[in-house]
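Read through the structure below, which is laid out as structure tokens, and then see the notes.
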Amino acid sequence: MGRTSVRRRGGPTVERFSIAQRIEHFVLLLSFNILALTGLPQKYSTTGWAQRLIDVFGGIETTRLIHRTFAVLLMAQGLYHLAAVLASQRRQVRRHDMHLSRQDLRDVIGDMKFMTGRSRERPRFGRFDYRQKFEYWAVVWGTALMAATGLVMWFPTFISQWLPGVVIPAARVAHGGEALLALFAVIIWHFYNAHFRPDIFPMDPAMFTGKVPLERLRHEHPREMDNLEAAGLLPPRESEQADK
Amino acid sequence: MYWLILLAAAWILGFPQASLAQDNAACLGCHEVEGTKISFPDGGLDVTINAKKFATSVHKDFTCTTCHTNHTGYPHPPRTATSRRAYQVLAQQICATCHADQAQIFDLSVHGRGVRMGLGDVPVCASCHTAHAVIRPKSAAFRNNIPEVCGNCHANETIMTRYGLRPVYQAYVEEFHGVTTRLYRLVTPEIRSPAAVCYDCHTAHTVRRVADPLSPVAPGNLLATCRTCHTQAGRFFATAWTEHRIPSLRHSTLVYLVQWFYLILIPGVVGVLAILTVMDLWHWAVTRWGGRA
């Protein structure tokens with residue numbers, strides 16, 4: 001963390017996502033899309049497009065096999081993430097990046113005031129702003145719920161040894177509802193904040209390059225800038241570099 | 001040497017079949033004409049024969065007179081049936097000539113009793129198997145289409161109300177088994193659906209009232225019936241059963257509540273996210289084109 005480098009354009013950058021985190025994101029992206037593609041036609045099995053899509057996959061059994069394979073991948077990734085977070089708790093320098101606090105609520109209100117022109121200043125966001133935190137926790141909640149309800153449907157005979165059978169059809173409804181919620185959230189929130197926002201269109205490359213230009217960080221995550229500066233992790237200033 | 005004899009035997013046995021085919025052709029001369037009907041006081045009965053369809057049926061090698069034994073010439077002998085329904089009920093005897101064992105157990109089923117009681121809606125052999133396009137009940141085409149066959153009546157509110165029943169078809173096609181079977185029928189029709197269709201639980205020719213303690217789906221027998229496929233089913237498994245009901249506050253309450261939870265949560269969350277997104281876009285637009293920000 002905090003390793004610095006200079007990209008050809010755009011001045012100095014700092015590392016925002018480690019290579020492991022970027023791989024995690026890629027696994028999430030891959031499994032989410034394939035799960036949606038193989039799951040939605042099962043939810044909407046009465047429609048023509050769903051039947052054509054299932055036909056493309058080679059029938060319902062293959063569709064389910066693909067769905068369950070990538071479900072296992074996503075669950076494994078979730079468990080890895082949990083382990084990685086727990087391991088990071090042992091580090092000496094912790095910045096509690098995704099922790100929710102009252103500050104986030106103040107940031108939402110402050111940002112709404114700013115966007116509607118009631119305030120001149122955007123709130124000074126930390127390493128991750130409330131939009132990104134919302135998305136992160138939505139993924140955590142969503143993955144946990146999808147895994148739990150998916151496993152209930154995958155192993156109904158096992159579950160029914162301990163839990164009333166009604167949880168099985170209920171899990172199916174929750175799995176479908178949560179899937180729709182996740183899809184809408186991704187389409188509106190993630191696509192806007194990581195792709196269609198006018199200043200970053202067509203996409204925010206940070207999750208793939210792992211780096212963010214200092215200039216952007218100063219504007220979008222000023223409190224993170226302060227933290228890096230305090231920790232002495234900022235790259236040398238542009239002027240100093242020019243001197244060298 | 002034997003194979004020569006076998007060949008000769010096959011040729012000799014095959015020969016009369018050719019003449020039987022000619023026999024069928026004589027019947028088809030009239031019966032292939034679209035819209036050939038016989039009329040009864042309670043409606044007409046279409047007696048058009050689709051020769052192509054008949055050629056795909058399990059009975060394709062039979063002559064017409066194998067079943068219609070007294071129809072050896074024209075004009076046909078006078079009909080004994082005085083109504084369309086009576087004609088169809090009488091036709092069951094034709095099937096029973098060969099399928100006596102099935103006819104016998106069907107007679108004891110709730111449907112068989114209904115036929116004997118003279119109830120007009122109750123199925124006879126041909127209602128489910130068709131008269132002239134009979135296919136193997138074990139075939140994928142027949143099995144995957146079972147919900148539609150039973151749904152002919154069990155999706156019909158008017159018919160069901162007459163017997164104090166609920167239409168169950170719609171709830172079934174939305175259930176686990178129904179979704180899978182439907183997708184097999186539409187996407188991979190050549191493969192038999194492994195998911196339960198109506199007769200797997202209710203049986204076919206011995207179907208009983210659900211309240212009948214001998215019914216495999218009577219409350220006391222339900223778990224055992226589930227375990228014929230779900231061999232490892234836990235003791236609470238049968239309560240997963242939503243009774244072919246659309247979930248409501250009274251039936252499958254948890255399912256109903258989860259439905260409502262998402263009916264509220266999805267528009268709520270999507271609404272908040274959409275508002276924040278529009279606000280951000282608004283801010284960009286004002287900064288870019290507007291004078292005031």
- Note on the structure: For chain B, longest principal axis from Cα atoms; helix B:253-289 axis from its Cα atoms; angle between them, nearest 10 degrees, is 50
- In nanometres, what is the gap between the two model label sites at A:TYR136 and B:LYS53, each 7 Å from Cα along Cα-to-Cβ? 6.5
- Task: Take each of the peptides A:153-160, A:99-106, average the number of other beta-carbon atoms within 10 Å over its residues, and list them starting from the highest.
- Result: A:153-160, A:99-106
- Query: Which listed residue (B:PRO213, B:THR242, B:CYS150) has the Cα farthest towards the positive end of the charge dipole for region B:136-246, taking +1 on Lys and Arg C-beta and -1 on Asp and Glu C-beta about the Cα centre?
  - Reply: B:PRO213
- Task: Show which lysines lie in cross-link reach of A:LYS113 when reach means a straight Cα distance below 29 angstrom and same-chain residues fewer than eight apart are skipped.
- Result: A:LYS133
- Message: Run the reach check for B:LYS37 against lysines, Cα to Cα strictly under 24 Å, same-chain hits fewer than 8 apart removed. What comes back?
- Response: B:LYS52, B:LYS53, B:LYS60
- Note on the structure: With DSSP loop assignment and no more than 13 other C-beta atoms within 10 Å, the trypsin sites (Lys or Arg not before Pro) in region B:188-293 are B:ARG235, B:ARG250, B:ARG292
- Message: Placing unit charges on C-beta atoms (Lys and Arg positive, Asp and Glu negative, everything else neutral), compute the dipole magnitude of chain A about its Cα centre in debye, rounded to 20.
- Response: 320
- Task: Report the normalised scattering of chain B as log10 I(q)/I(0) at q = 0.11, 0.13 Å⁻¹, calculated by the Debye formula with identical scatterers on the alpha carbons.
- Result: -0.86, -1.08
- Task: Please report, in whole Å, how far the alpha carbons of region B:143-293 spread along each principal axis, starting with the longest.
- Result: 81, 39, 37
- How big is the charge dipole of chain B about its Cα centre, in debye rounded to the nearest 20, if each Lys and Arg gets +1 on its Cβ and each Asp and Glu gets -1 on its Cβ? 520
- Item | Average beta carbon contacts from partner chains per residue of B:252-259, 10 Å cutoff | 6
- Can you find, among B:ALA171, B:VAL58, B:CYS95, the residue farthest towards the positive end of the dipole of chain B? Put +1 on the C-beta of Lys and Arg, -1 on that of Asp and Glu. B:ALA171
- Message: Quick check: the angle from helix A:130-154's long axis to the longest principal axis of chain A, C-alpha only, nearest 10 degrees?
- Response: 20
- Message: Please compute the average number of Cβ atoms from other chains found within 10 Å of each residue's Cβ in peptide A:41-52.
- Response: 3
- Item | region A:108-141 versus region B:23-86: alpha-carbon centroid distance in Å | 77
- With Cα atoms, 0 to 90° folded angle of helix A:48-57 axis to chain A main axis: 80
- Query: For the charge dipole of the protein assembly as shown, defined by +1 on Lys and Arg C-beta atoms and -1 on Asp and Glu C-beta atoms about the Cα centroid, which residue among A:ILE168, A:SER101, A:GLY48 has the Cα displaced farthest towards the positive pole?
  - Reply: A:SER101
- Mind listing which trypsin sites (Lys or Arg not before Pro) in region B:66-109 are in a DSSP loop and have 14 or fewer other Cβ atoms within 10 Å? B:ARG79
- Note on the structure: Correct semi-axes for region A:26-182, from √(5λ) of the alpha-carbon gyration tensor and rounded to whole Å with the largest first, are 36, 21, 16
- Note on the structure: Magnitude of the Cβ-charge dipole (Lys and Arg +1, Asp and Glu -1) of the protein assembly as shown about the Cα centre, nearest 20 debye, reported as 1260
- Query: What FRET efficiency comes out for the pair A:ARG124/A:SER88, r = Cβ-Cβ distance, R0 = 25 Å, nearest 0.05?
  - Reply: 0.55
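Each value in this text was obtained by applying a stated rule to the coordinates, not by laboratory testing. What you see is a predicted model; the values in this text were computed from it and never measured. We place every Cβ from the backbone using ideal geometry, glycine too, and count neighbours over all the protein chains shown.
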